[in-house]
Amino acid sequence: MAAIHQLVAGFANGDAISNEALVMRTIFRSWGFHSDIFCEKRRVLPELRPETRDISECPDSFHSNDIAFLHLSIGSDINDLLPKLSCKKVILYHNVTPAHYFDMINKQTAYSLERGRKQVAALAGVAQVNLSDSRFNADELEKLGYRNIHVLPLLLDLKRLKDNPDRRTLRVYNDGTKNIIFVGRCAPNKKIEDVITAFFYFHKYVEPDSRLLLVGSYAGTERYQNLLLTQARELEISDIRFTSNIPQPQLNAIYKCAHLFLSMSEHEGFCIPIIESMVHDIPVLAYDSAAVPETMNGAGILFREKRYEEIAEMMGRLIHDRQLRASVLDRQRNRMADYARRDLTEELKQLLAPILPR
């Protein structure tokens, strides 16, 4: 049986690329191909290792008629392996965060990101099919010499975003308090310190009965999280919660209890939590940067300057002004309807058609 195997740098619960790899594996198998996910075992938690195979098995697992499908997002040995495989090749570029964001937080991560940038450049011309999940990412590839880049939005399992919200989490946060949320890895490019500052003004001057929920892993960025905790203490913000990685039912419950999604991120290759918030009918207020406006595609509200007092006022309007909130939600529903109408599985099949194994 011919195979379409995926290569990823790491594999984790709640990780956007890992989730997409699982969706794609299901798709490839439904097409009748053998399909596994390869990565470095050291970058996979023990309980998740049955879902993956180690890259040491790659040379014996690919044949000339197979496809190696690389998710390119950070520096990794698996990126160097791709040109050595004697099979057809696909690259899906998710973007590599600029290393300077991590210089003072985690030197190893900064090195991996810098390495990733070099590997992206070195892989130009290696694959028969080049994909990116946003036009923003495609533009980066074009500047590096990639040609014929096709934009394919992330393939998401939208159904799981609403399944089985955790009842205990609902009881905790569905208490009448206005919940402002940001979902995403606790990483410096996300500018969570700016989210906290905006919430300070909102909580102090607009809506005292409010809390801030920051959902995302801080593994490897503990130094950054400590800076954020210090900031919260200095601003005397007590209603702020860091939840780290949580199971999908708990995340679904937090979305269900949320009144507003606020993003101050400066660098995103796509930004799945924006889509997830729209799925849950949560107004999105976001800083206009990188691929964020492309992901929102005319929905939600974007701002170009971080004027915290004005942002806090807009947060209040999005929560309390029924007419404005209804208008924003209506545009977001239209955005999601457009997304849902696209048959991304069929689009993927057409993009791979020239090299699909017979």
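The values are calculated or read from the model by the stated rules, or taken from the named source; none is laboratory data. Since the model is a prediction, treat every value here as computed from it, not as a measurement. Note that we place each Cβ from the backbone using ideal geometry, even for glycine, and neighbour counts take in every protein chain shown.
Please verify whether the range 88-95 includes one or more residues that are surrounded by 14 or more Cβ atoms within 10 Å (Cβ to Cβ), over 22 Å from residue 19 (Cβ atoms) and not basic (Lys, Arg).
Narrowing the range 88-95 to residues surrounded by 14 or more Cβ atoms within 10 Å (Cβ to Cβ): 88-95.
Filter again for over 22 Å from residue 19 (Cβ atoms), leaving 88-89.
Remaining after also requiring not basic (Lys, Arg): none.
Scanning the range 88-95, I find no residue that is surrounded by 14 or more Cβ atoms within 10 Å (Cβ to Cβ), over 22 Å from residue 19 (Cβ atoms) and not basic (Lys, Arg), so the answer is no.
Which one of 327, 263 is closer than 23 Å to residue 192 by Cα and among the small types (Gly, Ala, Ser)?
Numbers: 327 fails: closer than 23 Å to residue 192 by Cα.
Residue meeting the stated conditions: 263.
Condition first: in contact (Cβ under 8 Å) with a residue 60 or more places away in the chain and either under 18 Å from residue 108 (Cα atoms) or touching a strand residue (DSSP E or B) at 6+ places or on another chain (Cβ under 6 Å) (or both). Now tell me which residues in the range 76-89 satisfy that. First the steps, then the outcome.
Our first condition is that a residue be in contact (Cβ under 8 Å) with a residue 60 or more places away in the chain; within the range 76-89, this holds for 76, 78-79, 81-82, 88.
Correct list: 76, 78, 79, 82, 88.
Listed here are the residues, each with its yes/no results for (1) in contact with a Lys or Arg (Cβ under 6 Å, 6 or more places away or on another chain); (2) at pLDDT 95 or above; (3) among the β-branched types (Val, Ile, Thr).
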residue	(1), (2), (3)
67	yes, yes, yes
75	yes, yes, no
80	no, yes, no
89	no, yes, no
101	no, yes, no
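Look at residue 135 and say whether it is at pLDDT 95 or above, within 22 Å of residue 353 (Cα to Cα) and outside the structural domain of residue 250 (by TED's automatic domain parsing). Lay out the reasoning, then the answer.
Values: at pLDDT 95 or above: yes; within 22 Å of residue 353 (Cα to Cα): yes; outside the structural domain of residue 250 (by TED's automatic domain parsing): yes.
Yes.
Give 193, 222 a once-over and let me know the one that is at pLDDT 95 or above, of a type in the set (D, E, K, R) and touching a helix residue (DSSP H, G or I) at 6+ places or on another chain (Cβ under 7 Å).
Numbers: 222 fails: touching a helix residue (DSSP H, G or I) at 6+ places or on another chain (Cβ under 7 Å).
Only one candidate qualifies: 193.
Could you go through the range 225-237 and let me know if any residue there is touching a residue at least 40 places away in the same chain (Cβ under 8 Å) and either farther than 17 Å from residue 261 by Cβ or surrounded by fewer than 13 Cβ atoms within 10 Å (Cβ to Cβ) (or both). Show your work before the answer.
Let us first name the residues in the range 225-237 that are touching a residue at least 40 places away in the same chain (Cβ under 8 Å), namely 228, 237.
Those still in the list that are either farther than 17 Å from residue 261 by Cβ or surrounded by fewer than 13 Cβ atoms within 10 Å (Cβ to Cβ) (or both) too: 228, 237.
Looking through the range 225-237, at least one residue is touching a residue at least 40 places away in the same chain (Cβ under 8 Å) and either farther than 17 Å from residue 261 by Cβ or surrounded by fewer than 13 Cβ atoms within 10 Å (Cβ to Cβ) (or both).
Tell me the helices (runs of 4 or more DSSP H) entirely within the range 292-358 that contain at least 1 residues that are touching a strand residue (DSSP E or B) at 6+ places or on another chain (Cβ under 6 Å) and within 30 Å of residue 68 (Cβ to Cβ). Give the derivation first.
Values: elements: 292-296, 308-320, 322-341, 344-352.
In the range 292-358, 344-352 are the helices (runs of 4 or more DSSP H) which contain 1 or more residues that are touching a strand residue (DSSP E or B) at 6+ places or on another chain (Cβ under 6 Å) and within 30 Å of residue 68 (Cβ to Cβ).
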